[in-house]
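Asker: Dumping the structure here so I can ask a few things about it.
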Amino acid sequence: MKREQQIEFWAGTYHGRHDGAQVTTIATATFDGTSTVPYSWTCTCGASKCFSDRWEMDTSAWQHTHPTGWARLRQWAARLLQPRS
Ligand SMILES: [Zn+2]
């Protein structure tokens with residue numbers, strides 16, 4: 001008897017905006033014993049991505065739903081990394 005066991009966990013919901021539209025990204029973790037990229041997110045805009053790492057998935061989903069905030073964060077980080085002499 002063949003038994004396929006696939007367990008899908010809810011891993012997070014991201015609400016944000018991009019391209020002038022309100023979007024919601026649902027992140028899930030799927031464990032079926034075979035997949036090497038169990039983490040994925042799917043956006044209401046139709047985009048989706050798969051990851052092997054939970055942290056990468058979180059970061060990517062956040063970037064996707066907060067492109068402006070992410071750009072601001074990057075600028076802030078760049079200033080920290082390159083102090084004026
Ligand atoms: Zn989207």
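Readers should treat all values here as calculations from the given coordinates under stated rules, not as data from a laboratory. All figures in this text were calculated on a predicted structure; none of them were measured in a lab. Here the Cβ positions follow ideal geometry from the backbone for every residue, glycine too, while neighbour counts run over all protein chains shown.
Asker: So for TYR39, TYR14, fewest C-beta neighbours within 10 Å to most, what's the order? Walk me through the intermediate numbers first.
Answerer: Working: TYR39 25, TYR14 19.
Arranged by neighbour count, lowest to highest, TYR39, TYR14 become TYR14, TYR39.
Asker: What is the set of long-range amide H partners of CYS45 at a cut-off below 5 Å, with H atoms built 1.01 Å from backbone N?
Answerer: Close amide H contacts, sequence-distant or interchain: THR24.
Asker: Residue by residue, what Karplus-based ³J(HN,Hα) values in Hz, rounded to whole numbers, does the stretch 48-59 have, using 6.51, -1.76 and 1.60 with θ = phi - 60° and x for Gly and Pro?
Answerer: Residue by residue, the stretch 48-59 yields 8, 9, 10, 9, 8, 10, 4, 5, 4, 5, 4, 4 Hz.
Asker: Given 0.36 nm per residue, what is the gain on full extension from TRP10 to ASP53 after removing their alpha carbon distance, in nm? Don't jump to the answer; show the numbers that get you there.
Answerer: On the way: separation 43, 0.36 × 43 = 15.48 nm, distance 1.49 nm.
Using 0.36 nm per residue and subtracting the Cα-Cα distance, I get 14.0 nm.
Asker: Which is farthest toward the positive dipole end of the chain among SER60, GLN5, PRO83, measuring Cα position about the Cα centre, with Cβ charges +1 (Lys, Arg) and -1 (Asp, Glu)?
Answerer: Farthest along the dipole direction, towards plus: PRO83.
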